[in-house]
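A short write-up of the structure that comes next.
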Amino acid sequence: MRDSLAPEHAEPLLTGLFGRPYVYQESCGSTQELLDTEMAEGALAVCDEQTEGRGRLGRSWNAPPGTAILASLLLRPPPKRVVSEISLVAGTAVAEALENAIGLAVQVKWPNDVMLNRRKIAGILAEASDGAVIVGIGVNVNQERGDLPDDTRVPPASLYTIDGVKRERVPLLAAILERLEQNYDAWVGHGLDGVYDSLGSRDFLRGRRVEVNGENGVGVKIDRDGRFLLEVGGEVRAVESGEILYER
Ligand code: BTN
């Protein structure tokens, strides 16, 4: 299936303020570069192909043209809010929308991965700029197994490699935006408490043996301030940032 995320397909399915304006290019370097921080909150940049897609920690994010959701959303959170929480809010929204589409449990791996069958199905990249936050969302939808990177620490998957179904991306994108707008409004009003029932129940690292910044322990949970709690030798430590390695 080679569907298109062009506005004539996507805009009729958008139900809220997110996705307006809808900035589309068939091919771009990175959707993170297409938004102007002067635009309205909810502005969305979408491409069917990225030539310089970015992941966290300076990594790249690649997908064959027309196979993935590649989108960036402009948010303008209230002052003094912790930007890293937005990755969790967005990850939760993506997990909810994908779970609804595929009918399997989808989890959030702190701080920014979305997991299905213990594989990474989507990633979030939140970048602050001029009081705004540009939230990049990459979802693996129709890639074949050989299209997925083989050099990642977390094994990747697409919805297609999980259940063998090729899907139209536009309804998925619309569902993600709808959930994200609801979750973001809840977060603006109540902080992480506003999404914590869903986030807490999707916590991939809870109870897993993990290594963080060279320290080994057991994941306790994501707390209500968005930190990752880790138990090391009977003591619980709060991790604010970092990358988690885990036992499969
Ligand atoms: C990660 O897991 O490392 C984050 C991946 C984020 C990828 C998305 S794809 C759309 C947007 N544009 C980019 O260049 N990156 C993000």
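In the calculated pair-distance distribution of the range 156-248, the portion above 18 angstrom amounts to 60 percent of the Cα-Cα pairs. Highest-first packing order for the peptide set 87-94, 51-58 is 87-94, 51-58, based on the mean count of other beta carbon atoms within 10 Å. Taking the radius of gyration and the Kirkwood hydrodynamic radius from Cα positions alone, what is the Rg/Rh ratio for the range 39-108, to two decimal places? With Rg and the Kirkwood Rh in hand, the quotient comes to 0.99.
Considering all alpha-carbon pairs of the chain, what whole percent are spaced by more than 32 angstrom? Everything past 32 Å amounts to 16 percent. Ranked for footprinting exposure by Cβ neighbours inside 10 Å, fewest first, THR15, THR31, THR37 give THR15, THR37, THR31. Dividing the alpha-carbon radius of gyration of the range 123-177 by the rule-of-thumb value 2.2 N^0.38 Å gives 1.38. Placing unit charges on each Cβ (+1 for Lys and Arg, -1 for Asp and Glu) gives the range 18-175 a dipole about its Cα centre, and among THR152, VAL83, ASN117 the Cα reaching farthest toward its positive end belongs to ASN117.
Taking other Cβ atoms within 10 Å as a rough exposure proxy, GLU247, GLU181, GLU144 sort from fewest to most as GLU247, GLU144, GLU181.
Here the range 84-174 was treated as a single set of alpha-carbon atoms; its pair distances binned every 5 Å from 0 give 3, 15, 25, 25, 18, 9, 4, 1, 0 percent. With contacts taken as Cα pairs under 8 Å and at least 6 residues apart, the chain reaches a relative contact order of 18 percent.
FYI, it's all coordinate maths here, none of it is from the lab. For clarity, every value in this text was computed on a predicted model and none was experimentally measured. Glycine gets a Cβ as well: all are built from the backbone with ideal geometry, and neighbour counts include every protein chain shown.
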